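A quick write-up on the structure given underneath.
What follows draws every value from the coordinates through simple rules; no lab data is involved. For clarity, every value in this text was computed on a predicted model and none was experimentally measured. Cβ sites come from the backbone with ideal geometry, for glycine too, and all protein chains shown count toward neighbours.
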Amino acid sequence: MNIGRFHIIIFLAAAFVLQGCASVPRFTSRNERYKSESKETPPQPKEQENLDRYLNAPALETVEGAASFYADKYNGRITYNGEVYDMNGVSAAHPTYRMGTVVRVTNLSNNKSLLMRINDRMPFRPDRVIDLSLGSAKLLDIVRGGLAKVRIEVLEWGTGKN
């Protein structure tokens with residue numbers, strides 16, 4: 001009986017020691033990430049890409065469901081594809097689409113649509129199909145309600161991380 005307790009104590013002690021060796025979370029603020037590299041202003045989110053060439057592109061896949069948006073909590077953090085998240089920019093997170101996938105998101109209550117690239121991952125939620133940046137949600141008039149029924153049309157499959 002004592003040998004069993006001894007093994008448990010050793011296991012717990014090792015677990016506590018190894019916990020201190022855990023890696024740093026992937027999501028850090030841009031200020032923390034770059035303050036040791038430079039005394040200058042931290043890098044700004046990249047300029048929005050012009051996606052007008054996709055305006056008349058046929059949809060490769062169409063999905064409808066609820067969209068939400070995310071903002072302050074993640075602003076300035078590094079997205080799944082490595083970009084700095086700009087809550088006022090135009091971007092989106094999806095649970096399964098490859099990074100760089102170009103989509104047209106249409107708010108079905110007012111028919112406003114917006115072209116954007118998927119640059120982040122969101123947790124799988126059966127009640128949501130996409131998370132939009134605050135800037136995207138503002139352009140689609142989703143901010144007031146917080147959620148909206150949308151249509152997502154994939155216009156080009158991304159080649160980035162899965």
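Tabulated data for the structure shown
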read-out	value
Chymotrypsin sites (Phe, Trp or Tyr not before Pro) restricted to DSSP loop in segment 59-157 with at most 11 other C-beta within 10 Å	F124
Residue-count net charge about I118 - beta-carbon cut-off 13 Å; Lys, Arg +1, Asp, Glu -1	-2
Summed side-chain charge close to K149 - residues other than K149 whose Cβ falls under 12 Å, Lys, Arg +1, Asp, Glu -1	0
Order of R125, R144 - criterion: other Cβ atoms within 10 Å of each residue's Cβ, fewest first	R144, R125
